[in-house]
Amino acid sequence: MRYLILSDLHGNRPALEAVLEAVPPSAFDRVVVLGDLVGYGADPNFVVERVRALDPVAIVRGNHDKVACGLASDEEFTPLAREAIAWTAAALTPENRAYLHALPAGPCLVSERVEVCHGSPVDEDAYVTGSVDALEALAAARAPICLFGHTHLAVVFERDHDRLLVRLPHSDDGLVVGLDPRRRYLVNPGSVGQPRDGDPRAAFAILDEEAGRVELRRVAYPIERAQAAILSAGLPALLAHRLVAGR
Ligand code: ZN
C-alpha cells in the first residue's frame, strides 16, 4: 500500500490544493491524515470537505480540531491561536463540525506495520521534538512505522537497537528514507498549511509500505492567496505574515 500523508492542514486551501496537484492519484493508493484540519487558516470548511472527499483510510483528530468542535477548551492555546479558533468555530458548518467531533483520538493502527497519531502515541497532544520524546514515542508505538504531526516540523527518527538517528530534510530535494524492516521509525511529514521549519512550502509525505520507503516532500503554493483570505476574514494579520517566513 502507498499512502499520501497529510498533517496540520490548518484551513489552508491553496496549500492543500497545491499538494493534491503535485501528487497524481496514480502515485498513491490511500490517504492518511494526522489531524489539525482547521485552525489559523481562513478556509476550514473547504479543507474539511476536501479531506472527506479523499476518503482517508485513517484519520485522527488534532488539538485544534478538538477546540473548534467544542471537545476541548482553548486554555492551552496562545492568544493568537485562541482568536483564530474562535473564528473557526463560528465559521464551521454544522456538518463539518460534526465530522471533526467524530474523529478518533490517536494512536490508530492503519496496518500491521503502520500507525498514526497527532502528537505522540503516548499522548495525542504531546509534542515530539527531541530525542527523549522520540524514544518515549518509539517505545509506546505498537507498529514499527509511526506517523505523527503536531510540531509542524518534518523529520524522520530511526531507531536501530539503542541508536537513534535523526534525519532532517535539507535542500530542495526533500528526504527519502529506506525503511529497514528490523528498525522502528517515527515519521513527521511536516505541515501542509503552516510549516514552521523556515521553509514556507507546503509539506507532505508518501509512504510505500511494500517498497519500504518514505519520501518527505515540499511544494510551493500561492501563499499570497492564503494571506488574502486570512486578512479578508478578519483573522489576525500575524497569521498571514508568518506563512511567508514558514515559522
Ligand atoms: Zn497543528
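The values are calculated or read from the model by the stated rules, or taken from the named source; none is laboratory data. Bear in mind the structure is a predicted one, so any value in this text is a computation, not a measurement. When we count neighbours, we look across all protein chains shown, and the Cβ atoms used for this are built from the backbone with ideal geometry, even at glycine. Ligands, DNA and RNA are stripped out before the accessible areas are found, and what is left, the full protein with its side chains, is counted by its heavy atoms. Shrake-Rupley method; radii C 1.70, N 1.55, O 1.52, S 1.80 Å.
Among residues other than Thr93 whose Cβ falls under 13 Å from its Cβ, what is the net charge (Lys/Arg +1, Asp/Glu -1)? With Lys, Arg at +1 and Asp, Glu at -1, the neighbours total -1.
Where does region 91-225 land on the Kirkwood hydrodynamic radius, alpha-carbon pairs, in angstrom?
On the way: mean 1/r = 0.0641 Å⁻¹.
One decimal place: 15.6 Å for the Kirkwood radius.
The ellipsoid that matches the Cα gyration tensor of region 176-247 has semi-axes, each √(5λ) in whole angstrom, of 33, 11, 9, with the longest given first. When only the Cβ of Lys, Arg, Asp and Glu is charged (+1, +1, -1, -1), the dipole of region 1-47 relative to its Cα centre reaches about 140 debye. Between Ala98 and Glu210, the distance separating the two model label sites (each 7 Å from Cα on the Cα→Cβ line) works out to 3.8 nm. Toward the positive end of the charge dipole of region 27-123, with +1 on the Cβ of Lys and Arg and -1 on the Cβ of Asp and Glu, the farthest Cα among Trp87, Cys117, Leu103 is that of Leu103. If R0 is taken as 22 Å, the Cβ-Cβ distance between Leu164 and Asp123 corresponds to a FRET efficiency of 0.65.
Excluding Cys108 itself, calculate the net charge of residues whose Cβ lies under 15 Å from the Cβ of Cys108, where each Lys or Arg counts +1 and each Asp or Glu counts -1. Every neighbour counted, the sum reads -1. Compared with the direct C-alpha span, the chain from Asp29 to Leu135 gains 35.2 nm at full extension, assuming 0.36 nm per residue. Protein-only accessible surface at a 1.4 angstrom probe places the residues His64, His101 in the order His101, His64, largest first. In order along region 38-51, the phi-based Karplus estimate (6.51 cos²θ - 1.76 cosθ + 1.60, θ = phi - 60°) of 3J(HN,Hα) comes to 10, x, 6, x, 9, 10, x, 5, 4, 5, 4, 5, 5, 5 Hz; Gly and Pro are listed as x. To the nearest 10, the accessible area of Leu16 is 0 Å² with a 1.4 Å probe.
Annotation: average projected area of the chain is 11.8 square nanometres, based on the convex hull of Cα atoms across all directions. Per DSSP H run of n ≥ 4, the term is -39500 (n - 2.57); total these for the chain, divide by its residue number, and report the mean residue ellipticity at 222 nm rounded to 500 deg cm²/dmol. Value at 222 nm, helices only: -9000 deg cm²/dmol. Only protein heavy atoms count here; under a 1.4 Å probe, Ser131 has an accessible surface of about 60 Å². Computed over the alpha carbons of region 1-66, Rg followed by Dmax gives 11.2, 33 Å. Along region 124-138 the Karplus relation, 6.51 cos²θ - 1.76 cosθ + 1.60 evaluated at θ = phi - 60°, assigns HN-Hα couplings of 4, 9, 7, 9, 9, 10, x, 5, 5, 4, 5, 5, 4, 5, 5 Hz to successive residues, with x for each Gly and Pro. Taking a quarter of the surface of the Cα convex hull of region 33-153 gives a mean projected area of 7.3 nm². When both region 145-210 and region 225-247 are represented by their alpha-carbon centers, they are found 26 Å apart. With a Förster radius of 25 Å applied to the beta-carbon distance between Ala90 and Val244, the computed FRET efficiency rounds to 0.40.
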